[in-house]
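Beneath this line is the structure, given in structure tokens, with notes to follow.
Every read-out reported here was derived from the displayed coordinates using simple, explicitly stated rules and does not represent laboratory data. As the structure is a computational prediction, the values presented were derived from the model and not from experiment. So basically every Cβ, Gly included, is an ideal-geometry build from the backbone, and we count neighbours across all protein chains shown.
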Amino acid sequence: EARETDWEFVPGPKTRAWGYNGQVPGPVIEADVGDVLEVRLTNSLPEPTTIHWHGLRLPAAMDGTENVQHPIPPGESFTYRFLLRDAGTFWYHPHSNETVQLERGLYGALVVRGPNEPQLDAERVLVLDDVALDRRGQIKPLGGWIENHDGRQGATPLVNGRAAPELTMAAGQVERWRIVNAASARYVRLSLGGRAFTLIGTDGGLITAPVTMTEVLLAPADRVELAVGPFADGEVVPVEALPYDRKTVARARALQFASLHIGPAQASRAVIPERLREIEPLVREPVAATREVHLGFQLNVKRGVNFTINKELHHRDQPVRVGELQVWDVVNDTMMDHPFHLHGFFFQVLEVNGERPAFLSWEDTVNVPPKGRVRIAWLPDDRPGEWMYHCH
Ligand code: C2O
Ligand code: CU
């Protein structure tokens, strides 16, 4: 049930928020590959809504956009029902009046497990967001030319709907963290106080082999799965976002999302396999792009700026055919970063500004740097219908 709820983002004042089942984020939905997910959504909001199941390979009619479904009016229900085909960390959110509904708290994580998951000591889901609260602790209304350009970035970082939580973890253990960036516009350049961690998965589930790093960038809507730890008893590890300049009007700042307190040691049985999964490359030799998608902008008297795709608002692209390999160049003609999201299908990133990425993965969202070019490949499997792609 999508409804209004009084939520304590920060201790003290209650914020008029919107949540699924009265909570922010909505419940974590957990399932196994091969399960059929059935969710009956009741709209108790004062305005129409839908749910988009971000990253899932589902039938077009279940995708939750206004292209495939009439938004559910207040007081009415709709049942989403589809097979879960892939393991990974996904999420769900409205696709109606999305900037407002997402900002107020309508989002949640969906975890789908496969038969061969790496065995770590524990698992947690961290849904990141940033909320803009006024002095009375209420969500600031959207507006102004800066937000119209930059998107909504709030000063209060949230983990699972709470500001600055203290997380605890046992020394000596290695945990699997499934992280979702549910913020409207904030890029999270995630760091654990400079300590190393291991990337094991991205948008479309496990990558082929673990990669150790000290920071990872999550554009809005991105997910990562990390192996975190081991740490020593007594350590306090910040879960923070380093400053990331996505060329907005507002200046990039660092933010601390949470602090992780390490307690007494416990035995570990964690094993991170050297091979996590096999992924067949969709493209083996250099190929030409079959299509270009241009992310651009137009100056606008009323709004300051309009962002466009192929020079249009709500551009309607040529159809693709089932079984025909798509190689798209997503070209950013603007001076700021844009996260490109394709609904319903995973893609592989072939090149970012002419360079091959460091590892092969399945993605549904990729950052396109300012004046940059990202080449992706994807294969439309047999799920005809109308699908969206857009800047998230
Ligand atoms: Cu998170 Cu149109 O998607
Ligand atoms: Cu954008």
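Taking every Cα atom in the chain, find the radius of gyration and the maximum pairwise distance Dmax, and write them in Å.
Reported Rg and Dmax, both Å: 20.4, 63.
Let me check I've understood the local charge: for Gly19, count other residues with C-beta under 14 angstrom from its C-beta, Lys and Arg +1, Asp and Glu -1. What total comes out?
-1
When a/c reaches 1.5 or more, the comparison of a/b and b/c decides; with that in mind, is the range 167-314 rounded, prolate or oblate per its Cα gyration tensor?
Taking the square roots of the gyration eigenvalues as a ≥ b ≥ c, the range 167-314 is oblate.
Quick one: dipole size for the range 97-190, taken about the Cα centre, charges +1 on Lys/Arg Cβ and -1 on Asp/Glu Cβ, in debye to the nearest 20.
Using Cβ point charges on Lys, Arg, Asp and Glu, the range 97-190 gives about 160 debye.
The range 283-382: percent of C-alpha pairs farther apart than 16 Å?
58 percent
For the range 174-216, what is the charge dipole size about the Cα centre, in debye to the nearest 20, if Lys and Arg each add +1 at the Cβ and Asp and Glu each add -1 at the Cβ? Intermediate values should be presented prior to the final figure.
Values: 5 positive and 3 negative charges, 20 e Å.
Roughly 100 debye, rounded to the nearest 20.
Using a Gaussian network model on the chain with a 10 Å cutoff between Cα atoms, which of Thr89, Thr308, Thr50 fluctuates the most?
Thr308
Take the alpha-carbon centre of the range 179-249, take the same for the range 150-169, and report the distance between them in whole Å.
One Cα centre to the other: 14 Å.
Of all GluC sites (Glu not before Pro) in the range 278-366, which ones are in loop regions per DSSP and have a Cβ with at most 11 other Cβ atoms within 10 Å?
Those satisfying the criteria are Glu278, Glu324.
Give me the count of lysine pairs in the chain whose alpha carbons sit under 23 angstrom apart, restricted to pairs 8 or more positions apart or on different chains.
Numbers: Lys14/Lys140; Lys140/Lys247; Lys140/Lys302; Lys247/Lys302; Lys247/Lys311; Lys247/Lys371; Lys302/Lys311; Lys311/Lys371.
So the count of such lysine pairs works out to 8.
Which length gain, in nm to one decimal place, applies between Arg135 and Leu325 when the Cα-Cα distance is subtracted from 0.36 nm times their residue separation? Intermediate results must be reported in sequence, preceding the final value.
Values: separation 190, 0.36 × 190 = 68.40 nm, distance 5.22 nm.
Extra length available between Arg135 and Leu325 comes to 63.2 nm.
Write out the GluC sites (Glu not before Pro) in the range 229-277 meeting two conditions: DSSP loop, and at most 11 other Cβ atoms within 10 Å of their Cβ.
Glu274
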